[in-house]
Amino acid sequence: MSKYKLIALDLDGSLLQDNLEISPVNRHWIKRAEAAGIVVSFATGRGRSSSEQYWDVVKPTAPMVVVNGAEVWRNHEELLSRHFLPPNSIPRLHHLALKHNTWYWAHAPGRLVRKEGWDTNYDPNGDWLKFGMASEERAIIDHLRELIESWDEFEVTSSSPTNLEISKKGVSKASGLAEVAEVLGIGPSEVVVMGDSLNDLEMIKWAGFGVAMGNAEASIKAVADHVTGTNEEDGVAQVIQLILE
């Protein structure tokens with residue numbers, strides 16, 4: 001029997017192939033892990049609305065960490081927690097995005113509001129989980145990261161070198177998984193995580209077995225316990241196979 005009780009998978013760039021589908025091989029080995037008594041769940045920057053299409057690959061009792069840990073589900077039906085950005089955060093961040101001519105978006109419970117629909121869909125009185133900015137000009141992203149981090153008010157990470165993802169201070173995939181582990185009655189040493197981007201960094205450092213995908217950023221590989229195949233090479237399946245041996 002495996003010493004691991006929970007496998008938490010990033011979606012984009014990890015479980016998902018470049019065509020945004022889950023391969024039959026990965027599906028097969030997820031079921032093998034569940035049959036061995038291991039809980040398999042997701043830890044993603046996506047919200048529920050954009051990740052739910054993949055939830056059927058795991059058991060409906062599986063917990064889910066979405067929006068980079070800002071929303072945690074005890075199972076597919078029961079919400080465990082939500083961690084909102086402080087009041088008035090969105091107007092400040094939105095002003096920065098406009099000033100620097102970036103693309104931007106924001107997550108609220110159950111919905112995602114993008115730049116193109118901002119004027120009609122943004123609710124200034126609503127509660128918001130995450131704000132994101134993106135630009136192909138790396139200098140702009142680097143400048144915005146440095147600026148926002150200097151405020152020391154938010155958790156700032158990214159899912160690609162060209163974007164920023166901003167959450168409540170202290171909120172990350174790692175903090176979400178810590179909540180899940182407490183519910184399951186397990187410790188970090190019993191958790192396997194897999195990811196490829198900076199928003200996976202904290203959970204890879206936190207988990208007992210932190211895995212970087214073969215296509216992961218160099219900084220992720222540097223802190224990982226193991227580097228597997230790429231998302232196009234069924235790297236997730238390779239790890240499950242390894243821990244079930």
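The values are calculated or read from the model by the stated rules, or taken from the named source; none is laboratory data. What you are looking at is a predicted structure, and each value in this text was computed from that prediction instead of being measured. A quick note on method: Cβ atoms are made from the backbone with ideal geometry, for glycine too, and the neighbour counts reach across all protein chains shown.
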Q. Going by the conditions given, is Lys173 surrounded by 24 or more Cβ atoms within 10 Å (Cβ to Cβ), touching a helix residue (DSSP H, G or I) at 6+ places or on another chain (Cβ under 9 Å) and not acidic (Asp, Glu)?
A. yes
Q) What strands (runs of 3 or more DSSP E) lie completely within the stretch 134-229 and have 1 or more residues being among the β-branched types (Val, Ile, Thr) and closer than 30 Å to Pro87 by Cβ? A) 154-157, 163-168
Q: Please find, within the stretch 139-164, the residue that is nearest to Leu129 (Cα to Cα) out of those that are touching a residue at least 24 places away in the same chain (Cβ under 8 Å) and surrounded by fewer than 21 Cβ atoms within 10 Å (Cβ to Cβ).
A: Glu153
Q. Which numbered condition trips up His95, out of (1) farther than 21 Å from Lys169 by Cα; (2) surrounded by fewer than 18 Cβ atoms within 10 Å (Cβ to Cβ); (3) not basic (Lys, Arg)?
A. (1)
Q: Only one of these is closer than 23 Å to Ser158 by Cβ and in contact with a Lys or Arg (Cβ under 9 Å, 6 or more places away or on another chain): Val57, Val65. Name it.
A: Val65
Q | Count of residues meeting criterion [hydroxyl-bearing (Ser, Thr, Tyr) and out of contact with any Leu (no Cβ under 6 Å at 6 or more places or on another chain)] in the stretch 34-48 | A | 1
(Q) Kindly evaluate Arg32 against the criterion of being out of contact with any strand residue (DSSP E or B) (no Cβ under 7 Å at 6 or more places or on another chain), modelled with pLDDT of 95 or more and more than 22 Å from Val236 (Cα to Cα). (A) no
Q.
I'd like to verify a number: residues in the stretch 66-80 that are surrounded by 15 or more Cβ atoms within 10 Å (Cβ to Cβ) and either acidic (Asp, Glu) or on the phi < 0 side of the Ramachandran plot (or both), how many?
A. 9
